[in-house]
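Visitor: Okay, handing you the structure first.
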Amino acid sequence: MALTNNKHVLDWVKEMEDLMTPDHVIWIDGSEAQLRALREQAFATGEMTELNQEKLPGCVLHHTAKNDVARVEGRTFICTKNKEDAGNINNWMDPEEMKAKLIPMYTGCMKGRTMYVIPYCMGPVGSPYSKVGVEVTDSIYVVLNMDIMTRIGLGALRQLGDESNDFVRGQHAKADISEEGRYIVQFPEENAIWSINSGYGGNVLLGKKCFALRIASYQGMKEGWMAEHMLILGVEFPNGETKYITAAFPSACGKTNLAMLIPPEVYAKQGYKVWTVGDDIAWMHIGEDGRLYAINPENGFFGVAPGTNEKSNPNALHTTMKGTIFTNVAHNLDDNTVWWEGLDKNPPENAQEWTGVPVNGKEYVANGGKLAHPNSRFTAPAVNCPCLSKEFNNPNGVPVTAMVFGGRRAKTAPLVYQSFDWNHGVYVGSAMASETTAAATGAVGVVRRDPMAMRPFCGYNMGDYFAHWIEMGKKLGDKAPKIFNVNWFRTDDEGHFIWPGFGDNMRVLMWILARCEGKVDANETAIGYVPNAEDINIEGLKDITLDTVKGLLEVDKDLWLEDVKGVEELYAQIGDRVPAEMHAQLNALRDRLSK
Ligand code: GTP
Ligand code: SPV
Ligand code: MN
């Protein structure tokens, strides 16, 4: 039964039903009874496996198809009327042409299946900054994930109201999961998303990257706010005051880990604490006091499993202990639990690989010798997180003191530096580069430019996106957050990471916050303000000396001049909408480096 009187929603759902002709239509109200029935059904068909309910209450395991394990950037499109509005970084097709191509694929594709209608709210219900979407899908996996990742059901419909047409229409169909037929298409001018032939997270949980970044970034540009691929964390000082930091790192480059970090002993004993507001996406608006405020539009964490363990990220591990969906991890058959590389040093022998094949000896057949897929994930409710911020549901968000950019750079970028001012900070973000990871299909470990970690997620022309950042800085004036860049991933000659990372990244955050308060000096270099090595607290760190820190902070001008060339190439590729100010920043940096 339909759950709303909103005619715009009803008409569109009817249109979807007529197009895809499912045998049944079920509206998702978000009730536990309904979700329980769907879980039971998924167990019965084998779509999901119930895990050990004593050790992992409410947890389930799911395998995707082997050819469907990550985002597919080559098959992701931004369809605007004018090609220039999508820009050269995005794949583009004319909206009508795209629809003509996809409609035959959608036609009748839910015959024999059930279509679930999921109303969902991005952001806390009741927040003036929240936005509503409706996703139709033929996947129970999608319904159960959306329940964890967003606020689904009646609350979302309440947020929308009976009259409003302001919701994002998301149509997802598994079809036959064919790679050639896989399309992830955003129509930003129509608030619409079409996804077909995939069952993997980022391609099908349409509230996440498709809406909360691609569509929302476009809405933010039109409406004067920002949708960014950023975590949000709070550092609580011993006096009880909390400062908030947002940080953009590319996929699988450490957002979830930083957002949930556990302060090292030297800070913990003084009473410092870290609180998580978000681990992947920030929506930021200028508040009444003129400062920038961030909300997390999501309600859960879709985190990378490999590497998560009791030492690296105990908060994340704890968060996944109940009510969690595990995707493409290994199945430990001894006690019906899960395993992934880096969980501990004992891969189970009586187990199934992430593909479902039984483990046979020490050689894993599935993929690169790994028992779990490198992009295997957990979908875990935010409420499980031991360090969840009490501001998590604050409808007005949290005020942002500092913004941080970063990526995987084996050499060029120092551990941390500060931009000279906002526009230089926008340049620093635009110049981000990182080694690619398993979060998207394609080669891993190749350095590519990834402005603001938004290359795969910006729903419009990247040049206009830089202009929007500059514009936001003008509006914020001297209330703008300070902008920094970090790099946890410098390597030594043997290729080992030099900086310990994880919880110890707090040491760098403390320098950042001290800079924001004007409490610490820095070296003015060609690239920005670099710390004096003594100002990075290394108390209690084994193997890290003052000289190690000096090395991590070194700026090699030749490498940087090389890097400037990379940025020039990027700007040329983006084309003539790159603001003059960005070219001026680039030229000024080249001049400073050449001196
Ligand atoms: P997405 O969910 O794809 O957006 O990823 P993310 O940015 O949240 O990355 P996540 O925190 O899940 O980390 C990805 C990988 O980077 C994991 O394998 C981590 O173990 C590793 N990693 C995270 N932080 C650090 C760090 O400080 N140092 C090192 N060396 N590795 C890290
Ligand atoms: C990312 O790839 O940045 C993720 C996972 O956070 S996905 O939902 O697949 O985009
Ligand atoms: Mn992400």
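Visitor: Among the residues of the stretch 375-382, is there at least one that is within 30 Å of Ala247 (Cα to Cα), crowded, with 23+ Cβ neighbours inside 10 Å, touching a Cys at 6+ places or on another chain (Cβ under 9 Å) and β-branched (Val, Ile, Thr)?
Guide: No, the stretch 375-382 contains no residue that is within 30 Å of Ala247 (Cα to Cα), crowded, with 23+ Cβ neighbours inside 10 Å, touching a Cys at 6+ places or on another chain (Cβ under 9 Å) and β-branched (Val, Ile, Thr).
Visitor: Count, please, the residues in the stretch 467-499 that happen to be over 22 Å from the mean Cα position of the chain (by Cα), surrounded by 17 or more Cβ atoms within 10 Å (Cβ to Cβ) and either modelled with pLDDT under 95 or not in a helix (DSSP H, G or I) (or both).
Guide: 4
Visitor: OK, next. Just checking, does the stretch 279-299 include any residue being away from ligand 3 (no atom under 16 Å from the Cβ) and hydroxyl-bearing (Ser, Thr, Tyr)?
Guide: Yes, that holds for at least one residue.
Visitor: Count, please, the residues in the stretch 440-454 that happen to be surrounded by fewer than 21 Cβ atoms within 10 Å (Cβ to Cβ) and part of a loop (DSSP other than H, G, I, E, B).
Guide: Here the count works out to 6.
Visitor: Kindly establish whether Ala382 is within 29 Å of Glu341 (Cα to Cα) and at pLDDT 95 or above.
Guide: Criteria met by Ala382.
Visitor: Residue by residue through the stretch 463-520, note down the ones that are among the hydroxyl-bearing types (Ser, Thr, Tyr) and either without any contact (Cβ under 8 Å) to a residue 60 or more places away in the chain or farther than 17 Å from Trp225 by Cα (or both).
Guide: Thr491
Visitor: Quick one: what pairs do we get from the stretch 105-134, first residue closer than 19 Å to Glu228 by Cβ, second of a type in the set (Asp, Glu), C-beta under 8 Å, 6+ apart or different chains?
Guide: Close Cβ pairs (under 8 Å, with a partner that is of a type in the set (Asp, Glu)) amount to Met122/Glu298; Lys131/Asp166.
Visitor: To continue, here is another question. Please tell me if Arg507 is among the charged types (D, E, K, R), closer than 21 Å to Val416 by Cβ, buried (at least 17 other Cβ atoms within 10 Å of the Cβ) and out of contact with any helix residue (DSSP H, G or I) (no Cβ under 9 Å at 6 or more places or on another chain). Can you show your working first?
Guide: Numbers: among the charged types (D, E, K, R): yes; closer than 21 Å to Val416 by Cβ: yes; buried (at least 17 other Cβ atoms within 10 Å of the Cβ): yes; out of contact with any helix residue (DSSP H, G or I) (no Cβ under 9 Å at 6 or more places or on another chain): no.
When the stated conditions are applied, Arg507 does not pass them.
Visitor: Would you mind finding the one in Tyr200, Tyr218 that is farther than 30 Å from Tyr267 by Cα and within 16 Å of ligand 1 (Cβ to nearest atom)?
Guide: Values: Tyr218 fails: within 16 Å of ligand 1 (Cβ to nearest atom).
Answer to the selection: Tyr200.
Visitor: Take the stretch 381-431 and flag every residue that is among the β-branched types (Val, Ile, Thr), in a helix (DSSP H, G or I) and in the same structural domain as Thr548 (by TED's automatic domain parsing).
Guide: Scanning the stretch 381-431 gives Val426, Val428.
Visitor: Another question about this same structure. When you check Thr525 against the structure, is it closer than 23 Å to Glu265 by Cα, hydroxyl-bearing (Ser, Thr, Tyr), surrounded by 13 or more Cβ atoms within 10 Å (Cβ to Cβ) and assigned by TED's automatic domain parsing to the domain that holds His424, yes or no?
Guide: Numbers: closer than 23 Å to Glu265 by Cα: no; hydroxyl-bearing (Ser, Thr, Tyr): yes; surrounded by 13 or more Cβ atoms within 10 Å (Cβ to Cβ): yes; assigned by TED's automatic domain parsing to the domain that holds His424: yes.
Answer is no for this residue.
Visitor: Among the residues of the stretch 352-374, which ones are of a type in the set (A, V, I, L, M, F, W, C) and surrounded by fewer than 20 Cβ atoms within 10 Å (Cβ to Cβ)? I'd like the intermediate steps shown before the answer.
Guide: So the first thing to find is which residues in the stretch 352-374 are of a type in the set (A, V, I, L, M, F, W, C), and the list is 354, 357, 359, 365-366, 371-372.
Val357, Val365, Ala366 - these are the residues of the stretch 352-374 that are of a type in the set (A, V, I, L, M, F, W, C) and surrounded by fewer than 20 Cβ atoms within 10 Å (Cβ to Cβ).
Visitor: Moving to a separate point now. Quick check: anything in the stretch 222-229 under 22 Å from Pro481 (Cβ atoms), more than 16 Å from ligand 2 (Cβ to nearest atom) and either β-branched (Val, Ile, Thr) or at pLDDT below 95 (or both)?
Guide: The answer is no, given that none of the residues of the stretch 222-229 is under 22 Å from Pro481 (Cβ atoms), more than 16 Å from ligand 2 (Cβ to nearest atom) and either β-branched (Val, Ile, Thr) or at pLDDT below 95 (or both).
Visitor: Hey, another quick one. Regarding the stretch 455-467, can at least one residue be identified that is hydroxyl-bearing (Ser, Thr, Tyr) and more than 16 Å from ligand 1 (Cβ to nearest atom)?
Guide: Checked against the condition, which is being hydroxyl-bearing (Ser, Thr, Tyr) and more than 16 Å from ligand 1 (Cβ to nearest atom), the stretch 455-467 yields at least one hit.
Visitor: Further, regarding this structure: Given the conditions (1) in contact with a strand residue (DSSP E or B) (Cβ under 9 Å, 6 or more places away or on another chain); (2) outside any loop (DSSP other than H, G, I, E, B), and given that Asp464 satisfies all but one, which numbered condition is not satisfied?
Guide: The single condition Asp464 does not satisfy is (1).
Visitor: Just need a number here: residues in the stretch 581-591 that are charged (D, E, K, R) and either assigned to a loop (DSSP other than H, G, I, E, B) or surrounded by 14 or more Cβ atoms within 10 Å (Cβ to Cβ) (or both).
Guide: Residues flagged as charged (D, E, K, R) and either assigned to a loop (DSSP other than H, G, I, E, B) or surrounded by 14 or more Cβ atoms within 10 Å (Cβ to Cβ) (or both) within the stretch 581-591 amount to 2.
Visitor: While we're on this one: Counting only residues that are buried (at least 19 other Cβ atoms within 10 Å of the Cβ), of a type in the set (S, T, N, Q) and touching a strand residue (DSSP E or B) at 6+ places or on another chain (Cβ under 8 Å), how many does the stretch 1-57 have?
Guide: Counting residues in the stretch 1-57 that are buried (at least 19 other Cβ atoms within 10 Å of the Cβ), of a type in the set (S, T, N, Q) and touching a strand residue (DSSP E or B) at 6+ places or on another chain (Cβ under 8 Å) gives 1.
Visitor: With respect to the numbered conditions (1) within 27 Å of the chain's Cα centre (by Cα); (2) outside any loop (DSSP other than H, G, I, E, B); (3) closer than 23 Å to Ala380 by Cα, which one is the sole condition not fulfilled by Phe77?
Guide: (3)
Visitor: So which of Val555, Val567, Val578 is assigned by TED's automatic domain parsing to the domain that holds Asp504, touching a Ser or Thr at 6+ places or on another chain (Cβ under 8 Å) and not in a helix (DSSP H, G or I)?
Guide: Just a single option satisfies the conditions, and that option is Val555.
Visitor: Test of understanding: among Leu333, Leu292, which residue is modelled with pLDDT of 95 or more, away from ligand 1 (no atom under 12 Å from the Cβ) and loosely packed, with under 15 Cβ neighbours inside 10 Å?
Guide: The unique qualifying residue is Leu333.
Visitor: Here is a further query. What pairs come out if I take residues in the stretch 560-571 that are among the charged types (D, E, K, R) and pair them with residues that are part of a helix (DSSP H, G or I) whose C-beta lies under 8 Å away, six or more apart or interchain?
Guide: Short answer, once both residue conditions are applied: Glu568/Leu586.
The values are calculated or read from the model by the stated rules, or taken from the named source; none is laboratory data. In this text, all values refer to a predicted model and were calculated from it rather than measured experimentally. Methodologically, a virtual Cβ is constructed for each residue, glycine included, from the backbone with ideal geometry; neighbour enumeration extends over all protein chains shown.
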